[in-house]
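Student: Provided herewith is a single structure, encoded as structure tokens, for subsequent inquiry.
None of the figures in this text is laboratory data; all of them are computed from the coordinates on show. No experiment lies behind these values; they were computed from the predicted model shown. Virtual Cβ from ideal backbone geometry, glycine too; neighbours counted across all protein chains shown.
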């Protein structure tokens, strides 16, 4: 109704304008024609309706990604806090304890609130936050989200220092710090527990450093108020109701002061190393003592790409299984890792139907599209004459190379390679049509159907896309390939989980061949499916995830459990290469590892949240998540950490200005490709900007025509 009223008003204005078009001459006619053309332009999926405040907010952004300021007391001005981040990792066995220290410094003369939107690993179990004021530490407490927000807002109003840590996505968090005095520095210390990734004989840990701009589809919801924490450049929409909280403002490219990260790591792998590397950052080894390796970044780095550390055991020291235990509050918890048998590639591979899907949106410009083209060439080169294939490209629209999958003949492959060589990155990130085209929903297929989805995952409507995957997966398997310096790992890993496939991350053009060859080994090797754990004797531990995902070559089974393991051991069974497979395990003791209970709780929360899409009541899920989160002290979609100082520090006669701390554009991204073109990627803003500009021109012409002067 509101949109229809606005459109009637615009049509009325056009009518008024037409009365004076003769007087305004050619310029008026051109402006009128442009307005009518644009207003009759059919809206594509992902475009919000015209809204002048949107156009104004985007004008500020397109002129240069700057801080968005929000005054708490009605005043304005002031300088945004400066931010530095210090990271400390303690890695032991299969787990890591990570401390992230954020330092907010107020360089101005006004009292400020700093709001910072930042990433953490998608599986991080965040359980601690402390507010540091000089030498004083204020311990944070986990509360229901609404209660924590009320407590923080009250402290903010009363002039007391406070901090609030909230989750927007499993891999996007917000820190808000209130009442930082002129020239003052305040710290926030965040801690989380994380399980390591083990694949293809190599351990790795990944620390994301920047929230990449997200494509925000849908129509503006309500007023689209930007007053929420985060101060995002996007307004909330019907498809992404928290868009303003996951789109932090961007720092001016080349700005003198930038967000930087320092990092130190203590690695206790438990075995001699054959490999220790960081593929994207320069590191230095400070020494190895008693099997503990001390590593750090050679210098603080710009927070614009993910940090990855890889290490591997010497030949003969590869793990075949491990058990890590913890006794916490009278309960037994364990993390169990088991390596299934290595079957190897099938001698006579089953013919496949491979659908290659590639993201060519603006955020893939530069090195990312180069990586994607290289990965596509390698994938096409592995096809045999018995296979069938197709290529799907998407940005603002989805395009399919062939009407349906075709034989991998020489002519068809040549046509596909020429098509791949011509791919360029520009436009929006409309994933849904591409997923719908690639996943046909068939429950039975004559060929083994594999979909390889290459993207940076920079979207804000993840849940809707997960639901689409569940609905249309059928007999297909979905393998995701994360491309670029800062992919949305939450989307990539969960999409692969729901698609019964696996996730591969390519962060640099030099990694394409190695990473794609590892993926091909999985595609061409038997998968372990229908996996079950059954406990002998009376033991019945609470195991998460409940539905164990399929495993591919080089991947371990990793589950977290609560309860007595029992004396009878456990039976692991499944099917591989069409045959039944089983192994008897006798887990005993296990290395003591603090924080295992957090990994169990984190896995349970993730599984419970997934149940909403399978039809379970949201209120039921919320109740169970709250029970787990409050019991284990976790930050979740329904809980936050809040720390409040007892005494006020801001004088009652001093106002408070709030600033959203700007983030960096991911390395290799082009600001003009993301924000400055039509069609566009992370936001529908440029169309609104153009509309706003043309309306301004029309108003000026009308004023001149009526004698209003310049």
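Student: Which order do the peptides 321-331, 108-118 come out in when sorted by mean C-beta neighbours inside 10 angstrom, highest first?
Tutor: Numbers: 321-331: 15.5, 108-118: 22.4.
Top of the packing list down: 108-118, 321-331.
Student: Figure the gain on full extension for residue 280 and residue 546 (residue separation times 0.36 nm, minus the Cα-Cα span) and round it to one decimal in nm. Intermediate values should be presented prior to the final figure.
Tutor: Numbers: separation 266, 0.36 × 266 = 95.76 nm, distance 3.54 nm.
Gain on extension, residue 280 to residue 546, equals 92.2 nm.
Student: Tell me, what is the FRET efficiency for residue 475 and residue 617 to the nearest 0.05, using R0 = 25 angstrom and their Cβ-Cβ distance as r? Don't jump to the answer; show the numbers that get you there.
Tutor: Numbers: r = 30 Å, r/R0 = 1.19.
The calculated FRET efficiency here is 0.25.
Student: Order the peptides 88-98, 515-525, 265-275, 279-289 from the highest to the lowest mean number of other Cβ atoms within 10 Å of their residues. Write out the running numbers ahead of the final one.
Tutor: Details: 88-98: 20.7, 515-525: 19.2, 265-275: 16.5, 279-289: 12.5.
Descending packing order for the listed peptides: 88-98, 515-525, 265-275, 279-289.
Student: Same structure again: Taking 37 °C and 0.692 mPa s as the conditions, I'd like the Stokes-Einstein D for the range 352-523 in µm²/s, using the Kirkwood hydrodynamic radius from alpha carbon pairs. Let's see the in-between values first.
Tutor: Working: Rh = 15.6 Å.
Taking Rh from Cα pairs, D becomes 210 µm²/s.
Student: Show me 192-204, 633-645 ranked by packing, highest mean number of other Cβ atoms within 10 Å first. Intermediate results must be reported in sequence, preceding the final value.
Tutor: On the way: 192-204: 20.4, 633-645: 23.3.
Final packing ranking: 633-645, 192-204.
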